Each structure stands twice: as C-alpha cells, then as structure tokens.
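Trainee: Shown below is the structure under consideration.
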Amino acid sequence: MTELQNELGLPIGAPLADWTPRPIPGGEPLTGRFCRVEPVEPEQHGRDLFEAFSADREGRIWTYLPYGPFHTPGSLQDWLVQVSLESDPRFHAIVDTASGKAAGVASYLNIKPSTGVIEVGHINYSPSLQRCPAATEAMFLMMRRVFSELGYRRYEWKCDALNARSRRAALRFGFRFEGVFRNATIYKGRNRDTAWYSIIDSEWPAIERAFSQWLAPTNFDSSGRQKSSLSSLVDRRAGSRFSPNVQGQNRT
C-alpha cells in the first residue's frame, strides 16, 4: 500500500473526509435464535439474575469484576438499579430464549461517538449461560449493532491480564491482541495489568460471516453439538487471531 505523506514529506494516516460522529447505542432489544439482549431492568431481570448467579456458589464469576458477589437479592437489586441509571457503561441483560429468563449481563462502555470507538465489557455469564450458543450469540448481536447498524470503527475488549478465560474468549470471537498495560488500575484492593484486544471495521465483514456460519442450524448436530468451532471459522475467514504472547489458550 502506498504510504501517504503530508506537504512536509511526513507519513500520515488515511483521510476520513466523509466521517461523521456515530450514534450512541439505543435501547432496542437485540433478538437472535438463542437469546435476547436488552437494557437491564431491575424489576424485570433482578430475580432471574440473582437465581442464575447464585448457582456459582463459590463466587468464581465475580473474581475479575470490580464488584460482587452479591449474597442477597436486595444487594443485587440495588446494584442493578444503580447501573440501569447510567448511560456509560450501558448495561444489558442476556435473556435465554429457551427459558425466558435473564442469565447474564454485558455492557457497552467507553463510548466515543466522535471517533467511532466503543468497548464491550462488564460481561458476567452465570453457569447456565456459559459455553452455550446463547453466550456466543449475545456477543455477536452486540458486535453487529456496533458495526453494521451504527457504523463504529473500532470495538474494544479489555480484561485483567490474569483472566485466562476472558482472554481465550476474546481470541475466539476474532479480537486481535494488542498488548498489556501494566499497573493500569486497582480494584478490590489489588493491582490489575490490563490486556487489550480489538476488532476494527475492515475486519468485521469476515468475522460476521464466521459468526453467521457458526450460528447456523446446520452447524449443530441433533444433540446440539457444534460441527465446526467458531475459532476455526474465524481463522479461516479472517486470518489467525492467535497471539504467541498469550499462552495456554485452547480455543473452541
């Protein structure tokens, strides 16, 4: 690709003459085959979420989040009320289509309409949602809204660098590993080095096709087992996202 230069002969980025700020994500539900993603409503989702999260009796799912675990319905309800009033992060409940119950949460955050950058985070899947098609579909629905509907340029994923499960998930979903910000923040009285991942708009079409192929009914046998893994489809369509800097990541 030919390098662009300014009048001083210095290399510069590609022009974006037609760029306009992007809309902020709205509150319309996102509906798929396995799940529905909708803004958190404490009265509507609180009881289901407490029941679903309580199945994790050790509180393992809260380890890498700056809040929780919540040991009573009231404490979770209070937290849901608080986050439901915020516009950034914008929390969503993930409702399992089969049961009709909320089984997890995720949010858009660090929303920057002027530059077309947005992050997905605060992801917490209850045991009943983990490793289910609905868990993957929820991420796809949120990603599709950002790129296909709203026209953002960059979608970010950040997590504690010690959170191996989150790092595996980012790679599986097609995010590129960008590096680790050391001593990035403090939460629950401990240090956090933050691992950064992203997808940009030019990568999205191939990743969207991979997700669509994985979610297709023909990719599941009569017992609901996948025939092709998402990571293999992403790698085949978009090029390998595996980073040698992240060890021990067995993607599925």
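Trainee: Among the residues of segment 168-191 satisfying the criterion of being of a type in the set (Gly, Ala, Ser) and under 19 Å from the mean Cα position of the chain (by Cα), which is surrounded by the fewest Cβ atoms within 10 Å (Cβ to Cβ)?
Mentor: The residue in question is GLY179.
Trainee: So, VAL83, is that one among the β-branched types (Val, Ile, Thr), part of a helix (DSSP H, G or I) and either open to solvent by less than 40 Å² (accessible area, probe 1.4 Å) or under 23 Å from ARG165 (Cβ atoms) (or both) or not?
Mentor: Spelling it out, VAL83 is indeed among the β-branched types (Val, Ile, Thr), part of a helix (DSSP H, G or I) and either open to solvent by less than 40 Å² (accessible area, probe 1.4 Å) or under 23 Å from ARG165 (Cβ atoms) (or both).
Trainee: Also, quick follow-up: Can you tell me which residues in segment 192-204 are out of contact with any strand residue (DSSP E or B) (no Cβ under 6 Å at 6 or more places or on another chain) and either surrounded by fewer than 16 Cβ atoms within 10 Å (Cβ to Cβ) or among the aromatic types (Phe, Trp, Tyr) (or both)?
Mentor: ASP201, SER202, TRP204
Trainee: Going residue by residue through segment 86-105, is there one that turns out to be part of a helix (DSSP H, G or I) and within 18 Å of the chain's Cα centre (by Cα)?
Mentor: No, segment 86-105 contains no residue that is part of a helix (DSSP H, G or I) and within 18 Å of the chain's Cα centre (by Cα).
Trainee: When both residues are 6+ apart or on different chains and their Cβ atoms are under 6 Å apart, which pairs have a first residue that lies in segment 110-124 and is without any contact (Cβ under 8 Å) to a residue 60 or more places away in the chain, and a second that is open to solvent by 20 Å² or more (accessible area, probe 1.4 Å) and of a type in the set (S, T, N, Q)?
Mentor: Listed by first residue and then by second, the contacts come to GLU119/ASN110.
Trainee: Residues that are of a type in the set (Val, Ile, Thr) and closer than 19 Å to VAL120 by Cα: which strands (runs of 3 or more DSSP E) entirely in segment 132-242 hold 2 or more of them?
Mentor: Answer list for segment 132-242: 176-187, 190-200.
Trainee: Give me the pairs: first residue in segment 185-213 and free of Cβ contacts under 8 Å to residues at least 12 places away in the same chain, second residue assigned to a strand (DSSP E or B) and open to solvent by less than 30 Å² (accessible area, probe 1.4 Å), beta-carbon distance under 7 Å, and six or more apart or on different chains, which are they?
Mentor: Listed pairs, sorted by first residue: THR185/THR194.
Trainee: Checking the condition open to solvent by less than 40 Å² (accessible area, probe 1.4 Å), under 30 Å from TRP79 (Cβ atoms) and not aliphatic (A, V, I, L, M), which residue from GLU28, GLU38 passes?
Mentor: When all the criteria are applied, what remains is GLU38.
Trainee: Going through ALA210, ALA164 one at a time, which residue ends up being farther than 30 Å from TRP19 by Cβ, at pLDDT 95 or above and open to solvent by less than 80 Å² (accessible area, probe 1.4 Å)?
Mentor: ALA164
The values are calculated or read from the model by the stated rules, or taken from the named source; none is laboratory data. As the structure is a prediction and not an experimental result, all values here were calculated from the model. Cβ coordinates were reconstructed from backbone atoms using ideal geometry, including for glycine residues, and neighbour counts include every protein chain displayed. Side chains included, ligands, DNA and RNA excluded: accessible areas come from the protein's heavy atoms. Shrake-Rupley method; radii C 1.70, N 1.55, O 1.52, S 1.80 Å.
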